[in-house]
Each structure stands twice: as structure tokens, then as C-alpha cells.
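The values are calculated or read from the model by the stated rules, or taken from the named source; none is laboratory data. Just so it is clear, the structure is predicted and the values come from calculations on it, not from any experiment. For neighbour counting, all protein chains shown are included, and Cβ atoms are generated from backbone atoms with ideal geometry for every residue, glycine included.
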Amino acid sequence: MHLAQRIAADINERGHKVGDRLPTAKEMQAEYNVGHGTLREALRYLELQGLISLRTGPQGGPIVRQPDAEALSTTLLLLLQFRRAPYSAVTEVRSALEPVMARLAAERTTDEQLDQIRESVENMERALDEEGPFIAENKRFHKLVAHGSGNDIFGFFIDSMIEILDGSPIGKEYPAARRAAVAKAHRAIYEALASRDPELAAKAMADHVGQSVSYMKGRYAEALAAPITWTIS
């Protein structure tokens, strides 16, 4: 673990970018004064965390990646699975956090982020008859608002919550009437953010999440009560 931390710190401090190739195994063994097995274990750990990918062949070796919320969501999934936590725990957390994030986003989101949120709303409105693109924009919208809060912890945590729900029956179906309601709610949230009104943004998000939870309780009561499981979607 200590070696993995050193390598991660060096990647950051040396300004390595996504796609950069790290030194060869022989060079890294010499630099860190470790054996082949110790280095391999550290690199495998960093690969699991999404910081690098290990490629084989003449042009292979450790390649820098951009970590995302997948590693965090997998860790949370496993923790929650072994606590037998229900999917309703995720909706409860989102109900508490997302209005706070919307309030902060109204104060902190950049003009560029706001443009992306608007674009997501418009894409969703055009995709009301296409369930796949609609679901993708629904996820994108909530991630954009979360990251627009200016707090990366909120952003990555909501990314993880969305990934957990997406692997369950709860995140798979949006009938036409529900899609229209969601698109309308997203438009209201965007307009509150664009007006830079924190209280209105928080209320619009709270109303939206509250409606979503009520819908899920009515349609997916059994799924919400079921224990969270780690599934391959």
C-alpha cells in the first residue's frame, strides 16, 4: 500500500497526464528500491483504483488513466452488500444531499458548467421518446449539478449513488409519462441555477427528488426494500 501511495503521489507531482506511459518495471524497481513482486502488487492495486491501466506487449506497461467514480461505487456496493443495506438507503441519501448540492451549484457553478446543464436539459427534452438516451441524460444532469456544487466529494459521491441505482431494476425503466415529469423538473432546476437563486434551486431539486422517491415507492417497493447487491450490468 505504501508503494502504491508513493507512485500515485509521483504521478500527480510530476504532472503526468492521461495516456502517459510510466517508466518500465526495471526502472521503477530501481527508483523505489523494491522487488518485482512488490512493484507488481502496487501496480495492480493502482489499476483496481482506476489510476493506471497495465498493457502488455512492446508498447505496454503502466499507462496513466483518469480515475472516476467506478472504484468508489464498487467499494460502496461491497460494503453495503455485506451490511445488507436496502436500495432505499441510496434514495434516502440522495434526498438529503441533492438539494444541498443544488443550492451550492446556484452559487458556484461556472458559466461553462451551466451551459452543459442546459445542454443536458435540452437533450433530454428531445429524447422523450427514446428511453436509452433519456436515461443517459438523466444521469448526466444529476452528475453535472453535483460537480457544479464546487465540491468534488459531492460530485463523486453522487456519481457512485447513480451507478449503484443504475445496476438495479430501479434505474432501468422510465415510462413516457414519467419521462415528461422528469424533463419538466430538470428544466425548473436549470432555470433556478441560471437565475443564481440558491433557495429556489434547492427547492426545485427537493421537489424533483421527492417526486422521484414517491414514484419509486409506488412502482418499485419490493426492489427498494431488497438488499443492495454487486451486479455486472
Only listed residue being in contact with a Phe, Trp or Tyr (Cβ under 7 Å, 6 or more places away or on another chain) and free of Cβ contacts under 8 Å to residues at least 60 places away in the same chain, chosen from R179, R140:
R179
Report every pair of residues separated by at least 6 positions or lying on different chains whose Cβ atoms are under 9 Å apart, first residue within the range 103-130 and assigned by TED's automatic domain parsing to the domain that holds H186 and in a helix (DSSP H, G or I), second surrounded by fewer than 14 Cβ atoms within 10 Å (Cβ to Cβ) and hydroxyl-bearing (S, T, Y).
A106/S195
In the range 42-83, what residues are touching a strand residue (DSSP E or B) at 6+ places or on another chain (Cβ under 7 Å) and more than 26 Å from H142 (Cβ to Cβ)?
L43, L46, E47, I52, S53, L54, R55, G61, P62, I63, V64
Being surrounded by fewer than 20 Cβ atoms within 10 Å (Cβ to Cβ) and modelled with pLDDT under 95 narrows it down to one residue among A96, A71; which is it?
A71
Exactly one of (1) closer than 27 Å to M205 by Cα; (2) buried (at least 18 other Cβ atoms within 10 Å of the Cβ); (3) more than 20 Å from the chain's Cα centre (by Cα) is unmet by G61. Its number?
(1)
Is at least one residue of the range 188-206 over 22 Å from E112 (Cα atoms) and out of contact with any helix residue (DSSP H, G or I) (no Cβ under 9 Å at 6 or more places or on another chain)?
no
Answer yes if at least one residue in the range 138-158 is in the same structural domain as L80 (by TED's automatic domain parsing), more than 18 Å from the chain's Cα centre (by Cα) and more than 12 Å from A102 (Cα to Cα), and no otherwise.
no
Output yes when any residue across the range 147-163 is within 27 Å of R219 (Cβ to Cβ), in a helix (DSSP H, G or I) and among the hydroxyl-bearing types (S, T, Y), and no when none is.
yes
How many residues are among the β-branched types (V, I, T), over 19 Å from R103 (Cα atoms) and assigned to a helix (DSSP H, G or I) when one looks only at the range 199-233?
1
Out of (1) of a type in the set (D, E, K, R); (2) crowded, with 17+ Cβ neighbours inside 10 Å; (3) modelled with pLDDT of 90 or more; (4) within 22 Å of R103 (Cβ to Cβ), the one R196 does not meet is (2)
If we keep only residues of the range 199-233 that are farther than 30 Å from T74 by Cβ and either within 23 Å of the chain's Cα centre (by Cα) or aromatic (F, W, Y) (or both), then the residue surrounded by the most Cβ atoms within 10 Å (Cβ to Cβ) is A201
Looking for something more than 21 Å from E107 (Cβ to Cβ), buried (at least 17 other Cβ atoms within 10 Å of the Cβ) and of a type in the set (D, E, K, R) - is there at least one such residue anywhere in the range 173-189?
yes
Condition first: among the aliphatic types (A, V, I, L, M) and either at pLDDT 95 or above or under 15 Å from A185 (Cβ atoms) (or both). Now tell me which residues in the range 136-153 satisfy that.
L144, V145, A146
